[in-house]
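Shown next, in structure tokens, is the structure this report addresses.
What follows is calculated from the coordinates using simple rules that are stated; it is not laboratory data. Treat the numbers as computed from the prediction; the structure is a model and nothing was measured. Using ideal geometry, Cβ is built from the backbone for each residue, glycine included, and neighbour counts are taken over all protein chains shown.
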Amino acid sequence: MRVGVSDLTVEYSSGGYLVRPIDSLDFEVETGQLVLLLGPSGCGKTTLLSCLAGILSPTSGTIVAGETEVTALRGKQLSEYRRSTVGIVFQAFNLIPSLSALENVAAPLRVSGRTSVAHARAHELLERVGLTERVRHRPGQLSGGQQQRVAIARALAHDPPVILADEPTAHLDYVQVESVLQLIRELAAPGRVVIVATHDDRLTPLADHIVELGARPVMVETSPRRVELEPGQILFRQGDDSDLVYVVEAGEIEIFRVRADGSEELVNRIGPPGYFGELGPLLGTPRSASARAWNFTVLTGYSTADFQRLDKTAL
């Protein structure tokens, strides 16, 4: 099973504003690989997993799993893809509290009509994840690590060739996490792909491939850097990677946000000696708004280190 993502873009409305957590993303995963989607909260990891699972339709681009173009599936074909091709391990386990570990793992098989094999298959999977002695325990009687292993066993119920895991170590301490990490690594075997969304650096040594999402540091050749803009010229757009902090030397800059309906909301208009764009580079987040020259404008761009050394009282 090979998974390929090509020119994938996802846009949605959040609080009335247009948000683009994934923009023209490309990557490929070969069979037997463990791939990490790495990045801070809000960078689009869970959104990407939802697209790979066929739960969310991207705005544009394609996802291919094996010979199947996932983004072209509709109706029954999409439901069959979700059932037979993808197993999902949720961040919060999502086990049914009133059911035992065995019953939780057997549930997907019973729902799909495979009642006759459900009990034996659930036993087999719980043995595989090291929980033979806990099959009758309910989630409330299990540790966090044990619950996560039950969730992994449940995701394997239909023996899917693609396993998607959303922050599988988020609720585990360092004692519990070791067995879960080892299990995740073992799942990535020939015939299967494992894709894990995480911000946990402990997984990086285990990965075959890492896809970094969200804003990444941008190398700047010189700082400070002089920038001249003609009226109406865009300096950066909402969702772009953050690089420099800008000080207005002459002219005026409009800071605006694009709403979900395509309209613009003016946030601020900044003239000399004002500055803007400092939070993105400092926090490592994408631009939360766009910047456009109102008239002929001269700016000086500073790296975060150079900006912090400036005398702010002079601005």
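Please report, in debye to the nearest 20, how large the charge dipole of the chain is about its Cα centre when each Lys and Arg carries +1 at its beta carbon and each Asp and Glu carries -1 there.
1280 debye
Taking 7 Å along the Cα-to-C-beta vector as the label spot, tell me the Asp261-Asp159 distance in nanometres, rounded to one decimal.
My value for the distance between the label points is 5.4 nm.
Residue separation times 0.36 nm, minus the C-alpha to C-alpha distance between Ser116 and Asn295: what's the value?
Working: separation 179, 0.36 × 179 = 64.44 nm, distance 7.33 nm.
That pair, Ser116 and Asn295, stretches by 57.1 nm at full extension.
Mind giving me the nanometre distance, one decimal, between the label points for Phe27 and Arg138, set 7 Å out from Cα along Cα→Cβ?
A separation of 3.9 nm, rounded to one decimal place.
Who wins for biggest fluctuation among Val196, Val129, Val227 in a Gaussian network model of the chain, springs between alpha carbons below 10 Å?
Evaluated over the chain, the most mobile residue of the options is Val227.
Using a cut-off of under 15 Å, list every residue of the range 261-280 whose amide N is near the label point 7 Å from the Cα of Gln233 along the Cα-to-beta-carbon line.
Answer for the range 261-280: none.
With unit charges on the beta carbons (Lys and Arg positive, Asp and Glu negative) and the dipole taken about the Cα centre of the chain, which residue among Ala106, Ser50, Pro21 sits farthest to the positive side?
About the Cα centre, the residue reaching furthest to the positive side is Ala106.
Using just the helices of the chain, give the 222 nm mean residue ellipticity in deg cm²/dmol: DSSP H runs with n ≥ 4 each add -39,500 (n - 2.57), and the total is spread over all residues, rounded to 500.
Mean residue ellipticity, 222 nm, calculated: -7500 deg cm²/dmol.
Tell me whether the range 220-301 comes out rounded, prolate or oblate; compute the Cα gyration tensor, take square roots of the eigenvalues as a ≥ b ≥ c, and use a/c under 1.5 as the rounded threshold.
Oblate is the answer for the range 220-301, as a/c is 1.5 or above yet b/c matches or exceeds a/b.
Using only the alpha carbons of the range 67-112, determine the length spanned along each of the three principal axes and report them from longest to shortest in whole angstroms.
For the range 67-112, the Cα spread along each principal axis is 37, 23, 17 Å.
For the chain, build the charge dipole from Cβ charges (+1 Lys, Arg; -1 Asp, Glu) around the Cα centre, then report which of Ala122, Phe276, Leu172 sits farthest towards its positive end.
Ranked along the dipole, the leading option is Ala122.
Can you give the relative contact order of the chain as a percent, counting alpha carbon pairs under 8 Å and 6+ residues apart?
20 percent
Could you work out the local net charge near Val135, counting Lys and Arg as +1, Asp and Glu as -1, over the other residues with Cβ closer than 15 Å to its Cβ?
Here the charged neighbours net out to +3.
Could you give the nm distance between label points at Asp201 and Ser41, where each point is 7 Å from its Cα heading toward the beta carbon?
That separation, rounded to one decimal, is 1.9 nm.
Nothing charged except the Cβ atoms of Lys and Arg (+1) and of Asp and Glu (-1): what's the magnitude of the dipole of the range 187-301 about its Cα centre? Round to the nearest 20 debye.
Computed about the Cα centre, the dipole is about 180 debye.
Please name which of Ile255, Gly214, Ile184 has its Cα lying farthest along the dipole of the chain towards the positive end, using unit charges on Cβ (Lys, Arg +1; Asp, Glu -1) and the Cα centre as origin.
In the chain, that residue is Ile184.
Does the chain come out rounded, prolate or oblate, given a ≥ b ≥ c as the square roots of the eigenvalues of its C-alpha gyration tensor, rounded meaning a/c under 1.5 and, failing that, prolate meaning a/b above b/c? All intermediate terms of the calculation are to be shown ahead of the outcome.
On the way: a/c = 2.85, a/b = 2.22, b/c = 1.28.
Prolate.
Under the 0.36 nm per residue contour assumption, what length would be gained going from the current alpha-carbon distance of Ser13 and Asn268 to full extension?
Contour length minus the Cα-Cα distance gives 89.7 nm.
Which ³J(HN,Hα) values in Hz, rounded to whole numbers, follow from the phi angles of the range 196-203 under the Karplus curve 6.51 cos²θ - 1.76 cosθ + 1.60, where θ = phi - 60° and Gly and Pro get x?
Rounded to whole hertz, the list is 10, 8, 7, 10, 8, 5, 5, 7.
So if each residue of separation counts as 0.36 nm, and I subtract the Cα-Cα distance between Leu99 and Arg2, what length gain in nm does that give?
Full-extension gain reported as 31.5 nm.
Could you work out which residue, out of Glu30, Glu67, Glu124, moves most in a Gaussian network model of the chain, that is, has the largest mean-square fluctuation with Cα springs under 10 Å?
Top of the fluctuation ranking is Glu67.
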